[in-house]
1. Is it fair to say residue 55 is touching a residue at least 24 places away in the same chain (Cβ under 8 Å), more than 19 Å from residue 100 (Cα to Cα), of a type outside the set (Ser, Thr, Tyr) and assigned to a strand (DSSP E or B)?
2. Among the numbered conditions (1) closer than 20 Å to residue 26 by Cβ; (2) modelled with pLDDT under 90; (3) surrounded by 13 or more Cβ atoms within 10 Å (Cβ to Cβ), tell me where residue 79 comes up short.
3. For residues in region 30-40 being assigned to a strand (DSSP E or B) and in contact with a helix residue (DSSP H, G or I) (Cβ under 9 Å, 6 or more places away or on another chain), which is surrounded by the fewest Cβ atoms within 10 Å (Cβ to Cβ)?
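The values are calculated or read from the model by the stated rules, or taken from the named source; none is laboratory data. Quantities reported herein were computed from a predicted structural model and do not represent experimental measurements. Every residue, glycine as well, gets a Cβ built from its backbone with ideal geometry; the counts of neighbours run over all protein chains shown.
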Amino acid sequence: MPAAQESELGKSGTLAIVFDSRDVQPVLGKIVRSSTGEDMGRLVDVVVDHDGQPRAAIIDFGGFLGVGSRKIAVDWGALDFSREADKSVIRVQLTRDQVKTAPEFKEGAPVVVLGASAGPQAVPAPTPQQGEQKSPQQGVQKSPQQGEQK
């Protein structure tokens, strides 16, 4: 079963890929439900990394008709896009109770992602090695060696 076909459009030679609608789906605005069927809100945005790979879904969670709702970042891997049941619903492997106390997603601020699977780990800052000193303004620097001029 081919997932996509390449076709040439016009005389410009521009290539396009045609996906069967059974193989792809738009996700923005879709209803998100917990694995137990609880209403979690709607998927309103996607956070991608520097390579353009999706890292988190932003769900407009809680509230009623948009009043009192908060945007919450959920790990992309915690989402189930299976189309076997309702095509308009995305499932998330979290419950409402797990999401209630989550910090709100704010653009430009550090992103706290719920349900994050093993992903990039925090990398500790380099520590000075023997013969090096650390300056807060300039980072790690080599110490002058014996006989060298400063």
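1. yes
2. Among (1) closer than 20 Å to residue 26 by Cβ; (2) modelled with pLDDT under 90; (3) surrounded by 13 or more Cβ atoms within 10 Å (Cβ to Cβ), residue 79 violates only (2).
3. 39
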